[in-house]
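A quick write-up on the structure given underneath.
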Amino acid sequence: MKRHIKQSTMRRLISLAMLLALIALFGVLGGMSFLSTGNFSEIFRNASVVAIVGVGVTYVIITSGIDLSTGSMMALVAMTMANIYAYTLLPIWSMILIGIAVGLVAGLVNGIIVAKLNVPEFIGTLATLGIFRALTYLIAITDANGVIQSQPLTVPEYTVLGGSIGAVFYVTVAMAIFVIAGEVVLKYTRFGTNLYAVGANKKSATLSGIDVPRTRMIAYVIVGFCVAVGSVFTTARLQSTTALLGSGFEFNPIAAAVIGGVSLAGGSGDIIGTLIGSVFMATLENGLLKLHMNTAFQYIIKGIVIVAVVIFDSLYRKRMDRIAKEHGAQAEEGVGA
Amino acid sequence: MSKELLLEANHIYKSFSGIPVLHDVHFDVRRGEVHALMGENGAGKSTLIKIITGIYTKDAGQISWEGKPVEINSYQDCLNLGISCIYQELSVIPPLTVAQNVYLRKEPLRAGLIDYNKMNSMTQQLIDLYDFPLKPTTLVEDLGMGQRQLVEILKGLSNDSKLLIMDEPTSSLSGKEAESLFGIICKLRDQGVSIIYISHRLEEVYRLSDRLTILRDGKNAAVLEKDEIIPKMVIETMIGKEMEEVDDSSKELRSDEGPVCLEVKSLTDSANRFRNISFQVRHGEILGIGGLIGAGRTEIVRAIYGVDKAASGEVLLDDERLDPNPALSISKGIGFVPEDRRKQGFIPLLSTVKNVALTNYDIIKRTGMAIDENDELELSKKAIEAIDIRPADPQKEVGTMSGGNQQKVVLGKWLVRGLKLLIVDEPTAGIDVGAKAEIYSILDQLASDGVAVIVVSSDLQELLRVSHRIIVMRKGGIVREFKDETVTQAKILAAMQGVEEGEKR
Amino acid sequence: MKKIDWEKMSKPIILVGAIIILSVLRPQSFLTANNFANVLWSVSVIGIMTCGTVFVFLAGGIDLSIGTLAGLSAITVVEIIDKMGATNASVIIGIIAALCVGAFAGMVHGLIITRFNIPAFLVTFAAQSVYLGLSMVITNNRIVSAREPALFTSIGSMKILGFPLPIYLMIIIALISWFSLSRTTFGRDIYAVGGNPEASEISGVHVSKDIVLCYVFSGLTAAIGGIVLASMTQQGMASTGSGYETQVITAAVIGGVSLLGGVGTVPGCIYGVVIMGLINNGLNLMSVPSTQSGLVQGVVIIIAVAFDALQHQDQSRKKVKRISEQIKGTASS
């Protein structure tokens, strides 16, 4: 029997190859302005928040769900913190804790809507996308004329989070911690195994005694936590927040996960894949900027890339399934003989 | 083999809404034996198993486990005792490894994290013990159906199960896969594990079982020791009639003289579910197709109608070659009543009117593009009249109707248009006796009007009742054709099972 | 029986209730003919788009791209008018081009969704981003104004019998949708596809082709919506039409359309659109900022869909009960 490469390994190699090809492309087109150490540390910095939120989003997608609300959730967390900063004397750490609490509650709301009320994931989180954004506007800080202001968050103890040690930004360190912890939880805990089981087949998971609604809900709560942390680092970097913070952000972690080989059908993928996808997305953004293509092109190319990858996966999986079937049949025959 | 009893069920009674399904049934399993359970559809096999596994509660009777009386009130109770059920619809999780599946929710932990080394070695021990052709680290999605089933069995064994219940375990397996499963079953028996083996396939039962319990009409028909299992006798016991006896379970077949309506020439499936199938159906003839589940009956009629594509072969309707797809088949005068009514037969949220109209828009009057809703309503009324749906409310959502009425709607939509050929797959599955009789008389009427009818059925009585001619399929090929002769249920069953008449074992 | 009556009654009750509440809240401004015309005018674009997208909902899909697609169509028409010197011919060409953009986009969505079996929300979600980007590239992030010619601006503002033209457009499109959904074979097939695609295929329905057509129609009405929007505002920019997808979904679910497929009517949609208009108007009269509309819409969607899902569950529970009765019936026979 010929030894064959595992499907997931193959898919990992494909996403790595895509990333390398992209880097090579921009390297050729952009030259040293793209290939410098400084630029790579910038790319990692930009990939970091996406990857942090991507941990949670990956969990949700593995359960065959989706979360479209992460962008507005991020704004809601940031605006809550901005209010605390502006109107209270609470210390910075408690401001951050309250921000994280808001993220957890927002995630729980998504979880309840999806897992308890059985609203289809993309509709439920599309609705909360609107709700969280509206709440953000509701608590947005306005000037005397009622015009919404960009709210500064300039206390040094906080903005230090936007800084770096040498070429490595703190947010990248946090990202590393999230990715490692996320991968460990996914691969080495019962909860992680349950996520795969729920995504692969809810009925089988239930038959095996897994509490499916609870597992799905926890996944959404984890998204809330990741978003809150991402929100802290984003605002620490910007040193301010606005009611529009994170609009369109929800696209990035989903695209990162899909590029990294997390199947939208559920039951497959991992955090490392999403990390590769996040770096891919950040490289894409960065390279386009270096080539003086504005955000408009990013919107177009991101949209096309995500659909192209999903189409590729659909064709690729069909093919691999066929090969696996033939392979399985051969293995059977080997056994029977 | 010891004769010590592991499980004993005595005087089991169970009835549903007053109708007895099990009547004073006795069933026992010895330690380390393969005990087969057979019976026709509706004989009470699955009800008995559901009582043993705690899914149903018995009305009366007693169950003992290892000599002590026990109450099994839930599936968890049954797992705790050491009984595992291998579901027909497997509950393994494809993206996880064999070991992860076997120890799902009981993973060995070290410092809160899953100890994969320990889990894999525990799984390996289990695999070695029973000598399964598996590796702990293989992903289940890379395994064939047969090996997946072994994972399911392993999952049961990891609970220290002393009794495994296998319900039609070979129904989705290839020949080779089944062979290897039989080997495993023998090994398990040698290790002292008891197995309840439920199957329609006599040859498997002969081969594997140490004892055989046959149920008929919710009662014990026989309990046979290994050397008492004689194919012909088993068939007769299941049906309750002598093989040569002529009575209501036999029929004089006839041959119709009408012109050939459908001709199938060496039709072969791409997934090898049927091979080289050739037969004809004449106008005015009802052709019955029998065979065990998985023999390829449903697959062949789906290919004729064009739901699935055949790999090679020809389908000719009135000498015209078809490259069938459903829309074309309908326009050429073929009707199709699919096997799974709920999933394939009708649109639950739509009314009878719209379900009937769905296949008949070509004959409903129109002004320009607008459907004439009166004509549409008239058509559905015609269908309701033709098949006697009660209450005759054409606006009622089909999803809210009884199974019998639903099937009548599915059938009725074909009766309002000029048909050449009607294919019905399991036309009376899960519907009541009255509706059954009505459906049979509709089929008779169609045939006498010159329509060719193909009936696929697992119900032998039904095959005998409606067919003018019967072909029997086995393992993807036609093995026997009955025409111009007296045929009995036993003869059909023998052909389905591949048992030659009069053979002794 | 009583329950069905209640369900039928609930719509007029909500409508009348909403009107009463709004009249009480703002007696001097709400109950004026002008305000009513305004309500209808303000929702006419949502109405046009809902009547097209409902095809997609009925077939069991979703289209999240209609907002930015409307924007792209609006920009197409205003750019062409701008580039061709605001002639009447440019208006015709611009409108045709915008309609082609909408129909072509819809066709692409439909083909990708059916060919590769990819979730509709993902395809149209990604498409949303693509169209936004295209609009930004074409306009270079500027507002393209279209105050000329009168032929174009009159689309949004011309009044016939006291009502603005967009209201008539909405009614015409509603009639077309209503006719094709309730009186043509195509419409009947759509309900069947949304209710049970497998059974539809077996009944000879060309499921994939029908689904593609639904997305084409959805794209087409998004384009019409965009053209009307551009004419009403006499300008086009990348953000034209943004967020309309949520408004359309909200209007549809208020009108009793199931996002799970197979259930809903055009009159229901129009009802949903009118209620949307009243809600928006009411919020407006109560000086609730427009940024809060997402809150109302989100809550409405969740409640409506959760209720719908609950009913589905009930049905499947009943189904289980019925099947088990059938099994018993079989066992007894």
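With a point put 7 Å past each Cα toward its Cβ, work out how far residue A:145 is from residue B:479 in nm, to one decimal.
Rounded to a tenth, the inter-label distance reads 9.0 nm.
Just add up the charged neighbours of residue B:56: K/R +1, D/E -1, any other residue whose Cβ is under 10 Å from the Cβ of residue B:56.
Summing Lys/Arg as +1 and Asp/Glu as -1 gives +2.
Within the stretch B:204-327, how many lysine pairs that are 8 or more places apart, or on different chains, have C-alpha atoms less than 17 Å apart?
Taking the Cα cut-off of 17 Å, the pair count is 4.
Would you mind calculating the relative contact order of chain B from Cα pairs under 8 angstrom and at least 6 residues apart, reporting the percent as a whole number?
Worked out over chain B, it gives 16 percent.
Given R₀ = 45 Å, FRET efficiency for residue B:437-residue B:257 by Cβ-Cβ distance, to 0.05?
With R0 = 45 Å, the Cβ-Cβ based efficiency is 0.95.
Report, by chain and number, residues whose modeled amide H sits under 5 Å from the one on residue B:479, excluding near sequence neighbours (fewer than 5 apart, same chain).
Under 5 Å from the amide H of residue B:479: B:472, B:473, B:474.
So if the hydrodynamic radius of the stretch C:126-243 is defined as the Kirkwood radius over C-alpha pairs, what does Stokes-Einstein give as its diffusion coefficient at 4 °C and 1.567 mPa s, in µm² per second?
Answer from the Stokes-Einstein relation: 77 µm²/s.
Run lengths n ≥ 4 of DSSP H only: what is the helix-derived mean residue ellipticity at 222 nm for chain B, with -39500 (n - 2.57) per run over all residues, to the nearest 500?
About -9500 deg cm²/dmol.
Mind giving me the nanometre distance, one decimal, between the label points for residue A:154 and residue B:320, set 7 Å out from Cα along Cα→Cβ?
About 8.4 nm separates the two model spin labels.
For chain A, what size does the Cα cloud have along each of its three principal axes, sorted from largest down, in whole Å?
83, 52, 33
How big is the Cα convex hull of chain B in projection, averaged over all directions, in nm²?
27.0
Translational diffusion coefficient of the stretch B:5-239 at 20 °C, 1.002 mPa s, Stokes-Einstein with Kirkwood Rh over Cα pairs, in µm²/s as a whole number.
116
For peptide A:114-120, how many partner chain Cβ atoms fall within 10 Å of a residue's Cβ, on average?
Neighbouring Cβ atoms belonging to other protein chains average 5 per residue here.
Please report the projected area of the protein assembly as shown's Cα convex hull averaged over all directions, in nm².
Averaging across all directions leaves 51.0 nm² for the Cα convex hull.
Per the Kirkwood definition applied to all pairs of different Cα atoms, how many angstroms is the hydrodynamic radius of the stretch B:348-417?
Averaging 1/r across every pair of different Cα atoms and inverting gives 11.8 Å.
Please turn the phi angles of the stretch B:336-345 into ³J(HN,Hα) values with the Karplus equation 6.51 cos²θ - 1.76 cosθ + 1.60 (θ = phi - 60°), one per residue in order, whole Hz, x for glycine and proline.
Values per residue, Gly and Pro as x: 9, 10, x, 5, 9, 3, 5, 7, 10, x Hz.
Compute, for chain B, the length of the dipole vector about the Cα centre, with Cβ point charges of +1 (Lys, Arg) and -1 (Asp, Glu) only. Units Debye, rounded to 20.
Once rounded to the nearest 20, the dipole reads 1080 debye.
Roughly how many nanometres apart are two label points built 7 Å out from the Cα toward the Cβ at residue B:223 and residue A:239?
The two pseudo-label positions are separated by 8.8 nm.
Do any of A:202/B:118; B:413/C:209; A:187/B:45 go past 30 Å between their Cα atoms, and which?
Pairs exceeding 30 Å: A:187/B:45.
Filter chain B for me: DSSP H helices, axial length by Cα at least 20 angstrom, mean Kyte-Doolittle hydropathy not below 0.0. List them by residue number.
B:433-448
For the stretch B:1-90, what percent of Cα pairs sit more than 22 Å apart?
25
Given only helices, namely DSSP H runs of n ≥ 4 each adding -39500 (n - 2.57), what is the per-residue ellipticity at 222 nm of chain A, to the nearest 500 deg cm²/dmol?
For chain A, the value works out to -25000 deg cm²/dmol.
Which value results when the Cα radius of gyration for the stretch C:40-332 is divided by 2.2 N^0.38 Å?
Output field value: 1.07.
Pairs of alpha-carbon atoms within less than 8 angstrom and 6+ residues apart define the contacts here; what relative contact order does chain C have, in percent?
Taking the mean separation of contacting Cα pairs over the length of chain C, I get 31 percent.
Gain in length, residue B:131 to residue B:272, computed as 0.36 nm per residue apart minus the alpha-carbon separation, to one decimal in nm?
Gain on stretching residue B:131 to residue B:272: 47.8 nm.
Find which of B:300, C:65, B:44 sits farthest along the positive direction of the dipole of the protein assembly as shown, computed with +1 on the beta-carbon of Lys and Arg, -1 on that of Asp and Glu, about the Cα centre.
C:65
Starting from the residue with the highest accessible area, list C:109, B:11 in decreasing order, probe 1.4 Å.
B:11, C:109
Per DSSP H run of at least 4 residues, take -39500 (n - 2.57); add these up for chain C, divide by its residues and hand me the 222 nm value, nearest 500 deg cm²/dmol.
-27000 deg cm²/dmol
How would you order B:403-409, A:203-209 from highest to lowest mean count of nearby Cβ atoms within 10 Å?
So the order, starting with the most tightly packed, is B:403-409, A:203-209.
In debye, nearest 20: dipole of the stretch B:5-239 around its Cα centre with unit charges on the Cβ of K, R (+) and D, E (-)?
Computed about the Cα centre, the dipole is about 340 debye.
Which whole-percent values make up P(r) of the stretch A:52-183 when all C-alpha to C-alpha distances are grouped in 5 Å steps starting at zero?
In order of increasing distance, the bins hold 2, 9, 15, 19, 19, 16, 11, 6, 2, 0 percent.
Report, in debye and to the nearest 20, how large the dipole of the protein assembly as shown comes out about its Cα centre when Lys and Arg carry +1 and Asp and Glu carry -1 on their Cβ.
2520
Rounded to the nearest 10 degrees, what's the angle between the helix C:244-254 long axis and the longest principal axis of chain C, both from Cα atoms, 0 to 90?
For C:244-254 against chain C, the angle is about 40 degrees.
Over all alpha-carbon pairs of the stretch B:272-370, lay out the pair-distance distribution in 10 Å bins, whole %, shortest bin first.
12, 39, 33, 14, 2
What pairs in B:332/B:365; B:408/B:491; A:203/B:343 have C-alpha atoms more than 29 Å from each other?
B:408/B:491, as the Cα separations exceed 29 Å there.
Would you please calculate the Kirkwood hydrodynamic radius of the stretch A:141-247 over all C-alpha pairs and express it in Å, rounded to one decimal?
One over the average 1/r among Cα pairs gives 16.7 Å for the stretch A:141-247.
Measure nothing but the geometry: give the 0 to 90° angle between the long axis through the Cα atoms of A:92-111 and the longest principal axis through the Cα atoms of chain A, rounded to 10°.
50
On full extension of the chain, what length is gained from residue C:160 through residue C:206, given 0.36 nm per residue of separation minus the C-alpha to C-alpha distance?
Answer, rounded to one decimal: 12.4 nm.
The values are calculated or read from the model by the stated rules, or taken from the named source; none is laboratory data. The structure displayed is predicted, hence computed values, not measured ones. Positions of Cβ are generated from backbone atoms using ideal geometry, with glycine treated the same way; all protein chains shown enter the neighbour counts. The protein model used for the area step is the full one, side chains on, heavy atoms only, and it has no ligands, DNA or RNA in it. Shrake-Rupley method; radii C 1.70, N 1.55, O 1.52, S 1.80 Å.
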